[in-house]
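Scroll down for the structure; my scribbles are underneath it.
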């Protein structure tokens, strides 16, 4: 069984993101996995990064990541990115040289070498927009940025990106099917 590290970023326990978190954790535990949860809002995580050395909270999160097999992010997409609290978590925790380093090539150019190669990632994102707006007009910007710009750089290439569109506007039946998809994603682990 796998050790799963969940990073949750939504402030409202009545949100659909909360339902995703609860559904995923319950199914993972039912399947025999262990779950380590960080609720960034409840823990009042400070997302502001100004080049400071990692504090004890960041070092603790890194230690917990080192012990896990799968990293799970659960958050809405606001303005084509995750909430600032999660973006700041990425900046502070998944930072070089811990998560990746650069191999120098010629001159000042190089490429990243990820230090988290043996891990998987699942990303659960909710959107207020319909699928067509994200995939057509905005060229899947959030998925490309998270997969390539965050996890690939850290060495994680086994990524399951689950996204749920127009969440405030869909029926309860559609939300139920979204949650069934969340539960089924545990099989991917």
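The values are calculated or read from the model by the stated rules, or taken from the named source; none is laboratory data. Predicted, not measured: the structure shown is a model, and the values here were computed from it. We place every Cβ from the backbone using ideal geometry, glycine too, and count neighbours over all the protein chains shown.
So which of 37, 29 ends up being under 15 Å from the mean Cα position of the chain (by Cα) and over 27 Å from residue 169 (Cα atoms)?
Going through 37, 29 in turn, the sole match is 37.
What number of residues within segment 124-162 satisfy the criterion of being modelled with pLDDT under 90 and part of a helix (DSSP H, G or I)?
Final tally of qualifying residues: 16.
When you scan segment 75-91, how many residues do you find that are in contact with a strand residue (DSSP E or B) (Cβ under 8 Å, 6 or more places away or on another chain), closer than 26 Å to residue 52 by Cα and buried (at least 19 other Cβ atoms within 10 Å of the Cβ)?
5
Restricting the search to segment 163-189, which residues are closer than 14 Å to residue 122 by Cα and not in a helix (DSSP H, G or I)?
163, 164, 189
State yes or no: is residue 28 under 15 Å from residue 83 (Cα atoms) and touching a strand residue (DSSP E or B) at 6+ places or on another chain (Cβ under 8 Å)?
No: the conditions fail for residue 28.
Any residue at all in segment 104-123 that is within 12 Å of the chain's Cα centre (by Cα), over 21 Å from residue 38 (Cβ atoms) and either modelled with pLDDT under 95 or surrounded by fewer than 17 Cβ atoms within 10 Å (Cβ to Cβ) (or both)?
no
Within segment 58-72, identify whether any single residue is touching a helix residue (DSSP H, G or I) at 6+ places or on another chain (Cβ under 9 Å), within 16 Å of residue 179 (Cβ to Cβ), crowded, with 20+ Cβ neighbours inside 10 Å and in contact (Cβ under 8 Å) with a residue 40 or more places away in the chain, and answer yes or no.
So far as segment 58-72 goes, yes, one or more of its residues are touching a helix residue (DSSP H, G or I) at 6+ places or on another chain (Cβ under 9 Å), within 16 Å of residue 179 (Cβ to Cβ), crowded, with 20+ Cβ neighbours inside 10 Å and in contact (Cβ under 8 Å) with a residue 40 or more places away in the chain.
Residue 33: at pLDDT 95 or above and either closer than 20 Å to residue 96 by Cα or touching a helix residue (DSSP H, G or I) at 6+ places or on another chain (Cβ under 6 Å) (or both), yes or no?
no
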